[in-house]
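Visitor: Got a structure for you, questions after.
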Amino acid sequence: MEKHEKLKTLQSKKHYKKAEVKNMSKLYILSAFSLSMIPYQGWVHLYIKEVSPEEARRIVAEAESKGKEVISAVGHASTAQVLSTLLSMEVPTNRVLVQLEDGDEAIVFQLMIRLLEGKVLDQQELQQLMQEGKIKLFHIMLSTKFY
């Protein structure tokens, strides 16, 4: 291989790595999980595991250390405040549409009961429901790859 061709190959590899970094997967902080967050039809791998607040903090720290973007998609201020305390980080209120892509992860603050229509929980009610096991934390990972 000529020197010029080697240089071209190295440059294209560098360009590819930049593109990989640009398309790096994300970690979402969610207050619920819905099938509408999965923009795929057909087969996907969805890993779901209940985690403790300590495990959730470790997952967030690991994602940040890998350079993943951590995005809050928590719509209610009281939930964001409780999650900020649980995760020992600022979780801003942020009502956005979430569409998980291949490799994305989520920490989900999942209510395990059905509330009355229009009911919005305050911090104290959320903490009480957590203590009663009616709100749980889950770690979710999505993959479209099959091995």
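Visitor: Output yes when any residue across segment 124-146 is exposed (fewer than 15 other Cβ atoms within 10 Å of the Cβ) and among the aromatic types (Phe, Trp, Tyr), and no when none is.
Guide: There is at least one residue in segment 124-146 that is exposed (fewer than 15 other Cβ atoms within 10 Å of the Cβ) and among the aromatic types (Phe, Trp, Tyr).
Visitor: It is to be established whether one or more residues within segment 7-25 are surrounded by 15 or more Cβ atoms within 10 Å (Cβ to Cβ), within 17 Å of the chain's Cα centre (by Cα) and either at pLDDT 95 or above or charged (D, E, K, R) (or both). Reasoning before the result, please.
Guide: Taking segment 7-25 and keeping what is surrounded by 15 or more Cβ atoms within 10 Å (Cβ to Cβ), we get 25.
After this cut, where a residue has to be within 17 Å of the chain's Cα centre (by Cα) as well, the list is 25.
Still in the list and also either at pLDDT 95 or above or charged (D, E, K, R) (or both): none.
No, segment 7-25 contains no residue that is surrounded by 15 or more Cβ atoms within 10 Å (Cβ to Cβ), within 17 Å of the chain's Cα centre (by Cα) and either at pLDDT 95 or above or charged (D, E, K, R) (or both).
Visitor: Now for a separate question. Being at pLDDT 95 or above and under 10 Å from the mean Cα position of the chain (by Cα) narrows it down to one of Ala80, Ala63, so name that one.
Guide: Ala63
Visitor: Also: Please verify whether Val91 is touching a Leu at 6+ places or on another chain (Cβ under 6 Å), over 24 Å from Thr144 (Cα atoms) and at pLDDT 95 or above, treating the condition exactly as stated.
Guide: Here the answer is yes, as Val91 does meet what is asked.
Visitor: Right, here's the next one. Quick one: would you say Ser72 is out of contact with any strand residue (DSSP E or B) (no Cβ under 9 Å at 6 or more places or on another chain) and either charged (D, E, K, R) or at pLDDT 95 or above (or both)?
Guide: Criteria not met by Ser72.
Visitor: Okay, next question. Within the set of pairs 6 or more residues apart or between chains, which connect a residue that is free of Cβ contacts under 8 Å to residues at least 40 places away in the same chain inside segment 120-145 to a residue that is in a strand (DSSP E or B) and not aliphatic (A, V, I, L, M) with Cβ atoms less than 7 Å apart?
Guide: If the second residue must be in a strand (DSSP E or B) and not aliphatic (A, V, I, L, M), the pairs left are Ile135/Phe109; Ile135/Gln110.
The values are calculated or read from the model by the stated rules, or taken from the named source; none is laboratory data. Note that this is a predicted model, so its numbers are computed, not measured. Cβ sites come from the backbone with ideal geometry, for glycine too, and all protein chains shown count toward neighbours.
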